[in-house]
Structures are given as structure tokens and as C-alpha cells.
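Only one structure is covered here, and it is reproduced in the block below.
The values are calculated or read from the model by the stated rules, or taken from the named source; none is laboratory data. Computed from a predicted structure; not experimentally measured. Virtual Cβ from ideal backbone geometry, glycine too; neighbours counted across all protein chains shown.
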Amino acid sequence: ESNFILDTVRIKGSYLLTSEYLGELRRLRVIDKSGNTISNIDVPESFSGEISKYDHNSREVHLNLWSPIVRSSEWIYKIDENTWYLVSSKNIKEQKDPAKFMLQDSNGVEYESYFLSYKSKDSTRIPIRVTHQKGIDFKSNAPTLMQGYGGFGSNNYFYPDYNFMVKEFLKSGGVYLAPALRGSYFFGQAWHDAGRALNKQNVVDDFIYAAEWAIRQKITNPDRLVITGDSHGGLVVGAAITQRPDLFGMAIPGYGPHDFSNKPMLDPRTVRHQVYEYGDLINDPAAITNAETISPYLRIRPNFYPQVLTIEGRQDSRVNPVHSYKFHQKLSRNQLGPAPIQLLTLSSSGHWMGSLIRQNLIGWRATSYVWASIYKFLDLKVNDKEVD
């Protein structure tokens, strides 16, 4: 009935509970078995959520909400009253505004998380989410972290989500940026197609132009801008710093296929999946040339590069660690400036080495090192208030 993209569907009793999106717009719906919409909830910029159930008798929608500041909370939306109620662990209901509550920490500090947009190289409008403490004065000097992915139709980072370390970064005065890079699925298949195969450079351009936008908007400057991305995002970060090393102060590419044009040889088990996203890097001359043009490894020349911390798990079965080893070694040899070029690798770790969920203790070790490096580079101090 609309251009909205169906994200999730749950069946609860006689109802369908859906979450849908289209770029910055998101909504949650309750649909009856006849296809009629019982409730249509527009999700604000500040948080994300899902419907857990619908009570027909009371006409109440039960939801779980989360944000960059609040891990998870239970809510009830009363359709007839158009009011929201926060449900405590003791099942006490208190009327509140979720848009405000979800952006306030336990110390009473308020935050903002909102969507803006900028133009990429080809003038395509790219949405970007900006999150920071309320009332912050950027002064072109805010400590800023930008994350990106932009591949395989995956909607990473852009929608509000909870990450403990990002929250601590925000509490320490940081600004968090998350552009909706092409190659993802924020506007459907056409958005993915615009960032895959021969269009892969669009993703890198989107990321680079996000950095330029943040600098033009006087949010930050290159010396205060850290960029990160994992897996496909690692490729994007590696490509960004080899195409525009002047834009960034520190880069943390994780598990990226940096020797891009040689990916079929280094990662033969995933060739079938590579063809759709990257093009046929074995038989198609145009795809091979395109990959060679983008390849972070091949683009390295003697230059003044930002500080780089390359992340790679030695047992990575998805992206061969050799990509990162070659990238690190060549970058080290070609660094003309004083910024350190570092490699972090752990012997028993795999893909997503810094994931606390997937890697447990290894994930904590990697995460601790990465965030300590970010804080040291940006000269940040850990917020001494109580940890939420």
C-alpha cells in the first residue's frame, strides 16, 4: 500500500506486528487478519523499537524501545488516548514522552539524535544521523566518530541503536555520525544497486562526502575525526584514507578485503556471494579494473596518512587476514608523516574480532584496545559519573 520497506513481521494471535522503513522514515503497525491497520505508529528520530503484542480489549500496543542512550525499555501505547506509558520492572505504568525519555541518561544528561542529509559526489542526497549531548557547541573541533558499512544491502549504524562504548563516547562529549551509505537497503533495491558491483565507488564517495559535510558544517575538523568500519565497512574506510588521507585524523578499518581485486583468490569459498556484490573479479575485465581502482592496497602511495589501526582476527574465515597484513605492511612503508600505522590481531580470533557477542573475552580485549586508542587520540577523558 506504500513504498515503505517491510523489515520484520511477527504473528501474535490474530494480528501481524510489522516494522517498516523508508530512509529516515520508520513506522510500526498492527494489522488484523483482514488486512486492516489497527495502529500505525510513526517512530521518532530518537529511538528504535518493535511491537511485542497488541491487546484488543484495551486497544493497547505493547512495545520494546531502545536508543543510543537507553538499552531497552518496555512501553504501552494507548491508541484511543494517543498516550505513552513507561512500564517499570515492577509493572508500574507512568505516562512519559518516549522521545525525551529515550535520550536522557541516569544522571539526567540529555542527548540529541536526529537525521540530516548532504549531497554526495554525484549530487545524490545521503541521509546521515547525528548524535551528541544536547546543547554542545561544536566550534569545528568536536571529537567525532563516524561509522559506515554500505554493502550487501545491510542497514548498519544508521538507525538509532544501543552500543555501550558509543554511549560512553557520547557521555565524554563526543559526536557520533552514521551516514546511510549506498550499497545498503535504506531506500530499497535501487539504493543497494547504486552501491554494488561497478557502482562500488559510490559508497566510498558517500563516506568521503560525509566527512567533508561534517567539516563544512563546523562540527569537527580532520584532526578530530575518527572513522571506523568493519568487514565491508573496513574496505570503505581503507578506500577512504587512500583516496583522501587529508580528511581524517584516525582510521580503524576492521577485517576489510583491502586487496580488493584479489578477493576471489584470497577468499575462494565465498566467490559466489562476491560476484553479486563486487562483480565477477575473475572473468569480467570491467569488474576487475573497477576493483583495482578502488583497492585500498593497490592505491597506497608515499603520502601523509592519518593514524591507522587495522583490526584483523587471525582465524578469520570470511575475509582472509592476508588482506589486512598486506595493507598494514605496505601502508607502513609508505607513511611519510609522523602518525603511527598499527595492526591489532589476536591469535584465536575470527571475523568480527571486536564483537562482544560473537567473541566474548577476545571481543572485550579488542574492544578495550580500540576504544583506548580512540580516547587517547582525541585526548578524551572517561566520564567520571556513574556508569549506566
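Scanning segment 12-32 for residues that are modelled with pLDDT of 95 or more and either not assigned by TED's automatic domain parsing to the domain that holds Asp55 or not in a strand (DSSP E or B) (or both) returns Gly23, Glu24. If the condition is being assigned to a loop (DSSP other than H, G, I, E, B), more than 20 Å from Gln95 (Cβ to Cβ) and at pLDDT 95 or above, then segment 36-47 contributes only Asn36.
Residues that are more than 30 Å from Leu22 (Cα to Cα) and exposed (fewer than 13 other Cβ atoms within 10 Å of the Cβ) within segment 121-142 comprise Asp137, Lys139, listed in sequence order.
The numbered conditions (1) outside the structural domain of Ser39 (by TED's automatic domain parsing); (2) out of contact with any helix residue (DSSP H, G or I) (no Cβ under 8 Å at 6 or more places or on another chain); (3) buried (at least 16 other Cβ atoms within 10 Å of the Cβ) are all true for Ile79 except (1). Can you spot a residue in segment 180-200 that is touching a strand residue (DSSP E or B) at 6+ places or on another chain (Cβ under 6 Å) and of a type in the set (A, V, I, L, M, F, W, C)? Checking segment 180-200: at least one residue is touching a strand residue (DSSP E or B) at 6+ places or on another chain (Cβ under 6 Å) and of a type in the set (A, V, I, L, M, F, W, C).
Here Ile341 meets each of (1) farther than 15 Å from Ile252 by Cα; (2) more than 23 Å from the chain's Cα centre (by Cα) with one exception, condition (1). Would you check if Phe115 is buried (at least 16 other Cβ atoms within 10 Å of the Cβ), assigned to a loop (DSSP other than H, G, I, E, B) and in contact with an Asp or Glu (Cβ under 6 Å, 6 or more places away or on another chain)? Considered against the rule, which asks whether it is buried (at least 16 other Cβ atoms within 10 Å of the Cβ), assigned to a loop (DSSP other than H, G, I, E, B) and in contact with an Asp or Glu (Cβ under 6 Å, 6 or more places away or on another chain), Phe115 comes out as no. Selection of segment 202-222 for residues being of a type in the set (Asp, Glu) and in contact with a Leu (Cβ under 6 Å, 6 or more places away or on another chain) yields only Asp206.
Every condition in (1) within 25 Å of the chain's Cα centre (by Cα); (2) among the hydroxyl-bearing types (Ser, Thr, Tyr); (3) under 27 Å from Trp371 (Cα atoms) is met by Tyr276 except one, and the failing one is (3).
Select from segment 322-339 the residues that are under 16 Å from Gly233 (Cα atoms) and either at pLDDT below 95 or touching a helix residue (DSSP H, G or I) at 6+ places or on another chain (Cβ under 7 Å) (or both) and list them in ascending order. Those that are under 16 Å from Gly233 (Cα atoms) and either at pLDDT below 95 or touching a helix residue (DSSP H, G or I) at 6+ places or on another chain (Cβ under 7 Å) (or both): His323, Phe327. Going by the conditions given, is Glu60 of a type in the set (D, E, K, R) and within 26 Å of Glu112 (Cα to Cα)? In short, no.
For every residue, the table says whether it meets (1) over 20 Å from Tyr255 (Cβ atoms); (2) of a type in the set (Gly, Ala, Ser); (3) touching a residue at least 24 places away in the same chain (Cβ under 8 Å).
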{"site": "Val271", "(1), (2), (3)": "no, no, no"}
{"site": "Asp284", "(1), (2), (3)": "yes, no, no"}
{"site": "Ala287", "(1), (2), (3)": "yes, yes, yes"}
{"site": "Ala291", "(1), (2), (3)": "no, yes, yes"}
{"site": "Ser295", "(1), (2), (3)": "no, yes, yes"}
{"site": "Ile300", "(1), (2), (3)": "no, no, yes"}
{"site": "Ile311", "(1), (2), (3)": "no, no, yes"}
{"site": "Asp316", "(1), (2), (3)": "no, no, yes"}
{"site": "Val322", "(1), (2), (3)": "no, no, yes"}
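Select from segment 214-247 the residues that are among the small types (Gly, Ala, Ser) and either surrounded by fewer than 22 Cβ atoms within 10 Å (Cβ to Cβ) or under 16 Å from Lys263 (Cα atoms) (or both) and list them in ascending order. Listed by number, the residues that qualify are Ser231, Gly233, Gly234, Gly238, Ala239. Of all the residues in segment 292-321, those that are at pLDDT 95 or above and either surrounded by fewer than 17 Cβ atoms within 10 Å (Cβ to Cβ) or of a type in the set (Lys, Arg) (or both) number 7.
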